[in-house]
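The values are calculated or read from the model by the stated rules, or taken from the named source; none is laboratory data. Here the structure is a predicted model, which is why all the values come from computation and not from measurement. Every residue, glycine as well, gets a Cβ built from its backbone with ideal geometry; the counts of neighbours run over all protein chains shown. What goes into the accessible areas is simple: the full protein's heavy atoms, side chains included, and nothing from ligands, DNA or RNA. Shrake-Rupley method; radii C 1.70, N 1.55, O 1.52, S 1.80 Å.
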Amino acid sequence: MTDPAARVLSDDELDHLELALGGAIPVPVLAAALPGVPADAVLTDAENTPLARLTTRPGEPDVLEPLKPVATAIGPQWDAAVRRPARDVRAALEAGTGSLGLVVTEVPTRDELDAAVALVSAGRPRAVLVLVPVARRTPEPGAVGAPGLVRAALGLADLLSEQVEAQVTTVVVPWSGPAGTTLEEVATAYGAARAETLAAHRSVATAERVAALPRVREEAVRALYPPTSAVEVDRAASGANARGAVLFFTGLSGSGKSTVARALAAELNDDGLVTTLLDGDEVRHHLSKGLGFDRESRETNVERIGYVAALVAKHGGIAVAAPIAPFAAGRARVRALAEEAGAQFVLVHISTPLEVCEARDRKGLYAKARAGEIPEFTGISSPYEEPVDADLVIDASVVSVADAVATLRAAMAALPHR
């Protein structure tokens with residue numbers, strides 16, 4: 001039997017898949033959002049983990065079969081208490097309560113809190129859903145990301161609970177924009193009888209004040225300082241003199257390096273730091289497309305990642321890279337590229353033992369490698385040279401993702417910033 005074609009999903013498409021798996025959008029809507037998908041396709045993430053099988057045949061109902069859980073990360077937007085499938089949220093609501101959905105698309109102002117109280121008081125629903133649409137993709141510089149938006153929405157829900165009698169529940173909704181549906185339709189799938197987007201209740205005056213916030217600081221600086229001094233104050237505040245950094249992860253396939261790297265990048269972005277994630281598998285699909293897995297190709301792939309990371313850091317950004325990088329010479333070249341660019345360099349060895357990586361392999365790659373189906377597989381038929389110069393060594397089989405990120409952030413805080 002021929003294996004079905006695989007479709008690697010983008011971050012936006014992963015949001016659509018999570019909605020469909022949770023019952024928030026119909027399967028045909030998902031299929032329509034994946035142009036060119038084969039009739040019988042395995043949908044994977046960027047690490048090629050098979051997440052679901054989508055079958056679409058003319059004259060037959062579209063079928064979506066879950067295969068593996070969608071990978072999660074750390075942060076309030078991933079908390080299982082709030083990131084719940086639509087069918088579970090809907091089932092938990094009492095029948096006939098006429099629940100009200102309040103959609104939080106922007107950090108709520110006092111206007112939105114007042115509007116929420118008024119909407120609940122007028123409709124008197126017994127249940128209120130505070131729906132927070134968040135995307136996997138990195139937010140635009142200066143914008144509040146998913147963690148901050150969720151924290152703000154949870155705060156709004158607490159304040160609302162103090163002022164109304166309805167039961168208030170906060171729910172995170174994976175959302176990257178229209179996929180043949182609307183937020184109002186998705187809110188209905190979560191159990192809301194009707195939905196209101198709170199930002200639509202923001203007054204014109206408040207909207208203007210929010211938009212003017214960056215200008216308020218600029219005007220204050222110009223009023224306090226003469227022009228040459230103001231330039232220096234602005235330069236320091238914007239981090240124009242900041243020294244960039246490259247955090248380079250290395251480890252076996254399945255060691256957890258991508259999970260830790262993604263979680264770290266998300267936290268740094270949430271702090272307003274310009275962070276670029278260069279995941280090994282994603283780079284293979286773009287920057288190093290066409291390269292094989294022989295030693296020369298692996299070294300070329302790692303050097304390309306190192307070159308891009310050094311460029312990011314040269315301009316004051318933070319590059320988080322997570323290839324396997326099995327050879328010491330390649331890792332040394334990346335370190336040299338970063339240091340030539342004047343950047344900080346931190347080599348992080350995710351030292352999860354081979355037997356643990358193999359036991360928890362979500363993709364079945366180790367089994368295929370041992371069966372001879374995958375040649376030159378690191379740790380099985382191709383060597384992994386453990387680094388002796390790692391700045392941090394983290395065994396992800398005994399250290400949680402949250403603790404690993406905390407360790408990394410402490411190490412970054414100790415770096416010179418100028």
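Taking the conditions (1) β-branched (Val, Ile, Thr); (2) under 16 Å from residue 171 (Cβ atoms); (3) surrounded by fewer than 21 Cβ atoms within 10 Å (Cβ to Cβ) in turn, residue 103 satisfies each one other than (3). Being buried (at least 18 other Cβ atoms within 10 Å of the Cβ), modelled with pLDDT under 90 and out of contact with any helix residue (DSSP H, G or I) (no Cβ under 7 Å at 6 or more places or on another chain), is that true of even one residue in the stretch 356-379? Looking for residues that are buried (at least 18 other Cβ atoms within 10 Å of the Cβ), modelled with pLDDT under 90 and out of contact with any helix residue (DSSP H, G or I) (no Cβ under 7 Å at 6 or more places or on another chain), one finds at least one in the stretch 356-379, hence yes.
Every listed requirement among (1) surrounded by fewer than 18 Cβ atoms within 10 Å (Cβ to Cβ); (2) at pLDDT 95 or above; (3) among the basic types (Lys, Arg) is met by residue 83 save one, (1). Note on the stretch 27-48: among residues that are of a type in the set (D, E, K, R) and either closer than 25 Å to residue 260 by Cβ or touching a residue at least 40 places away in the same chain (Cβ under 8 Å) (or both), the one that is least open to solvent (accessible area, probe 1.4 Å) is 45. Identification of helices (runs of 4 or more DSSP H) wholly contained in the stretch 192-270 with 3 or more residues that are modelled with pLDDT under 95 and open to solvent by less than 10 Å² (accessible area, probe 1.4 Å) yields 257-270. Any residue in the stretch 125-138 that is part of a loop (DSSP other than H, G, I, E, B) and more than 23 Å from residue 270 (Cα to Cα)? Yes, that holds for at least one residue. If a residue counts only when it is within 26 Å of residue 279 (Cβ to Cβ), which helices (runs of 4 or more DSSP H) contained entirely in the stretch 1-101 have at least 3 such residues? Where helices (runs of 4 or more DSSP H) fall fully within the stretch 1-101 and carry at least 3 residues being within 26 Å of residue 279 (Cβ to Cβ), they are 11-21. Given the structure, is residue 51 touching a strand residue (DSSP E or B) at 6+ places or on another chain (Cβ under 6 Å) and either farther than 27 Å from residue 287 by Cα or surrounded by 14 or more Cβ atoms within 10 Å (Cβ to Cβ) (or both)? Spelling it out, residue 51 is indeed touching a strand residue (DSSP E or B) at 6+ places or on another chain (Cβ under 6 Å) and either farther than 27 Å from residue 287 by Cα or surrounded by 14 or more Cβ atoms within 10 Å (Cβ to Cβ) (or both).
For the stretch 273-284, check the following and say yes or no: at least one residue is open to solvent by 80 Å² or more (accessible area, probe 1.4 Å), touching a residue at least 60 places away in the same chain (Cβ under 8 Å) and either over 24 Å from residue 407 (Cβ atoms) or not in a helix (DSSP H, G or I) (or both). Yes: one or more hits. Check 205, 193, 153 and return the single one that is out of contact with any Pro (no Cβ under 8 Å at 6 or more places or on another chain) and of a type outside the set (Val, Ile, Thr). Within the list 205, 193, 153, the selection yields 205.
Say whether the condition of being of a type outside the set (A, V, I, L, M, F, W, C), in a strand (DSSP E or B) and either at pLDDT 95 or above or crowded, with 23+ Cβ neighbours inside 10 Å (or both) is met by at least one residue in the stretch 170-177. The answer is yes; a qualifying residue exists. Given the condition farther than 19 Å from residue 174 by Cα, more than 18 Å from the chain's Cα centre (by Cα) and not β-branched (Val, Ile, Thr), answer yes or no: does some residue in the stretch 28-35 qualify? Yes.
Output yes when any residue across the stretch 54-61 is touching a residue at least 40 places away in the same chain (Cβ under 8 Å) and either within 17 Å of residue 360 (Cα to Cα) or open to solvent by 40 Å² or more (accessible area, probe 1.4 Å) (or both), and no when none is. No, there is no match, as no residue in the stretch 54-61 is touching a residue at least 40 places away in the same chain (Cβ under 8 Å) and either within 17 Å of residue 360 (Cα to Cα) or open to solvent by 40 Å² or more (accessible area, probe 1.4 Å) (or both). Residues that are touching a residue at least 60 places away in the same chain (Cβ under 8 Å), open to solvent by 70 Å² or more (accessible area, probe 1.4 Å) and more than 26 Å from residue 363 (Cβ to Cβ): does the stretch 286-309 have at least one? No, the stretch 286-309 contains no residue that is touching a residue at least 60 places away in the same chain (Cβ under 8 Å), open to solvent by 70 Å² or more (accessible area, probe 1.4 Å) and more than 26 Å from residue 363 (Cβ to Cβ). Residues in the stretch 128-155 that are open to solvent by 10 Å² or more (accessible area, probe 1.4 Å) and aliphatic (A, V, I, L, M): 135, 143, 144, 146, 149, 152, 154. Selection over the stretch 312-351 of residues that are open to solvent by 10 Å² or more (accessible area, probe 1.4 Å), at pLDDT 95 or above and closer than 15 Å to residue 274 by Cα gives a count of 0. Would you confirm whether or not the stretch 384-395 contains a residue that is surrounded by fewer than 16 Cβ atoms within 10 Å (Cβ to Cβ), β-branched (Val, Ile, Thr) and out of contact with any Leu (no Cβ under 6 Å at 6 or more places or on another chain)? Looking through the stretch 384-395, at least one residue is surrounded by fewer than 16 Cβ atoms within 10 Å (Cβ to Cβ), β-branched (Val, Ile, Thr) and out of contact with any Leu (no Cβ under 6 Å at 6 or more places or on another chain).
Residues that are touching a residue at least 12 places away in the same chain (Cβ under 8 Å) and in contact with a His (Cβ under 8 Å, 6 or more places away or on another chain) do occur in the stretch 251-263, at least one of them.
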